[in-house]
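The values are calculated or read from the model by the stated rules, or taken from the named source; none is laboratory data. Everything numeric in this text was worked out from a predicted model, so none of it was measured. Because the Cβ atoms are built from the backbone with ideal geometry, glycine has one as well, and the counts that use them run over all protein chains shown. The accessibility values were calculated without ligands, DNA or RNA, using every heavy atom of the protein model including side chains. Shrake-Rupley method; radii C 1.70, N 1.55, O 1.52, S 1.80 Å.
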Amino acid sequence: MANADTPRGAWPIRHQTGGTIRASEHTIASAFGTDIFRGDFVKLVAGGGIEDADAGDRLIGVFQGCDYTNAAGEVIFSKYWPASTVATYIKAYVFDDPRIIFGIQSAGSTVAADVGTLANHVAGSGSTTTGLSAHEINGTTATAYAGLRVIGKDGAPNNDWGTNVNLEVTIYEHEYGSSLEATTPGV
């Protein structure tokens, strides 16, 4: 049976040390002009805020949602950051622990031999209806200089190696330091 083509960004699966997965608070610049969806990879920018990350950027984590006070003084809780929103008291929630293992769909065909290799994410247009991302992992893997490391296949039923497989990954090029695997001699 073929895997369903349902990109939805990255989602936390577990913590490498068994720890609790928590989102940290970051900020987004008021009127930032790009939507950021739940499951999007984000990067750290000057001044300590976050923005949606492109392939090749060092990553800070995965966006989970936000709350902010809009121009009318209302507190808004949202699964995504609406582009160009003028707001104050902006709190963006990001899974930024470098030891979190994420699930993500492959944009191409990924096989068991790709475990341990690196790949970048591929951005897609998220949904303002559901708030979900359309980020996927690039189906073409490499051995150096990419944002994510493939560590396995998500164990969900009807998830087979090949096109659109759901994978388990870690952030390899992480702003808080890559996973220990990246700093371990010989790896």
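Condition check ((1) touching a residue at least 12 places away in the same chain (Cβ under 8 Å); (2) within 16 Å of Val122 (Cα to Cα)) across all residues:
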position: Ala4; (1), (2): yes, no
position: Gly18; (1), (2): no, no
position: His26; (1), (2): yes, no
position: Phe32; (1), (2): yes, no
position: Val42; (1), (2): yes, yes
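Hey, any hits in the range 120-143 for a residue that's farther than 14 Å from Glu173 by Cβ, assigned to a strand (DSSP E or B), open to solvent by less than 60 Å² (accessible area, probe 1.4 Å) and hydroxyl-bearing (Ser, Thr, Tyr)?
For the range 120-143, residues farther than 14 Å from Glu173 by Cβ, assigned to a strand (DSSP E or B), open to solvent by less than 60 Å² (accessible area, probe 1.4 Å) and hydroxyl-bearing (Ser, Thr, Tyr): absent.
Pairs please, first residue from the range 82-101 and among the polar types (S, T, N, Q), second anywhere and not in a strand (DSSP E or B), Cβ atoms under 8 Å, 6+ apart in sequence or on different chains.
Ser84/Ala31; Ser84/Phe32; Ser84/Gly33; Thr85/Ser30; Thr85/Ala31; Thr85/Phe32; Thr88/Ser30
From the list Val94, Val62, which one is within 14 Å of Tyr172 (Cα to Cα), within 19 Å of the chain's Cα centre (by Cα) and at pLDDT 95 or above? Walk me through how you get there before you give the answer.
Numbers: Val94 fails: within 14 Å of Tyr172 (Cα to Cα).
The unique qualifying residue is Val62.
Look through the range 154-172, keep the residues that are among the charged types (D, E, K, R) and touching an Asp or Glu at 6+ places or on another chain (Cβ under 7 Å), and return whichever of them is modelled with the lowest pLDDT. Lay out the reasoning, then the answer.
Start the filter on the range 154-172 by keeping residues that are among the charged types (D, E, K, R), which leaves 154, 160, 168.
Within this subset, residues satisfying the condition of being touching an Asp or Glu at 6+ places or on another chain (Cβ under 7 Å) are 154, 168.
Values: Asp154: 93, Glu168: 97.
The residue in question is Asp154.
Can you tell me which residue in the range 108-119 is nearest to Thr163 (Cα to Cα), limited to those that are open to solvent by 40 Å² or more (accessible area, probe 1.4 Å) and touching a residue at least 12 places away in the same chain (Cβ under 8 Å)?
In the first step, residues of the range 108-119 are kept if they are open to solvent by 40 Å² or more (accessible area, probe 1.4 Å); the result is 109, 111-113, 115.
Of the ones still in play, those that are also touching a residue at least 12 places away in the same chain (Cβ under 8 Å) are 109, 111-112, 115.
Values: Ser109: 4, Val111: 9, Ala112: 12, Val115: 15 Å.
Ranking the qualifying residues of the range 108-119, first place goes to Ser109.
Here are Ala10, Ala4: which of them is at pLDDT 90 or above, aliphatic (A, V, I, L, M), crowded, with 21+ Cβ neighbours inside 10 Å and closer than 23 Å to Gly155 by Cβ?
The unique qualifying residue is Ala10.
So which residues in the range 154-170 are in contact with a strand residue (DSSP E or B) (Cβ under 9 Å, 6 or more places away or on another chain), open to solvent by 40 Å² or more (accessible area, probe 1.4 Å) and either at positive phi or touching a residue at least 60 places away in the same chain (Cβ under 8 Å) (or both)?
Asp160, Thr163
Can you go through Asp35, Asp57 and tell me which one is crowded, with 17+ Cβ neighbours inside 10 Å, within 18 Å of the chain's Cα centre (by Cα) and under 25 Å from Tyr145 (Cα atoms)?
Numbers: Asp35 fails: under 25 Å from Tyr145 (Cα atoms).
Result of the check over Asp35, Asp57: Asp57.
Select from the range 144-179 the residues that are within 26 Å of Tyr80 (Cβ to Cβ), in a loop (DSSP other than H, G, I, E, B) and aliphatic (A, V, I, L, M) and write down the one among them that is nearest to the chain's Cα centre (by Cα).
Ala146
Which residue is modelled with the highest pLDDT, if the candidates are limited to the range 144-153 and must be of a type outside the set (Val, Ile, Thr) and open to solvent by 40 Å² or more (accessible area, probe 1.4 Å)? First the steps, then the outcome.
Our first condition is that a residue be of a type outside the set (Val, Ile, Thr); within the range 144-153, this holds for 144-149, 152-153.
Pick out the ones that are also open to solvent by 40 Å² or more (accessible area, probe 1.4 Å) and you get 144-145, 153.
Numbers: Ala144: 70, Tyr145: 78, Lys153: 95.
Looking at the filtered set, the residue picked out is Lys153.
Quick check: anything in the range 89-107 more than 30 Å from Ser78 (Cα to Cα), of a type in the set (Phe, Trp, Tyr) and surrounded by fewer than 18 Cβ atoms within 10 Å (Cβ to Cβ)? Spell out how you get there, then give the answer.
First, the residues of the range 89-107 that are more than 30 Å from Ser78 (Cα to Cα): none.
Scanning the range 89-107, I find no residue that is more than 30 Å from Ser78 (Cα to Cα), of a type in the set (Phe, Trp, Tyr) and surrounded by fewer than 18 Cβ atoms within 10 Å (Cβ to Cβ), so the answer is no.
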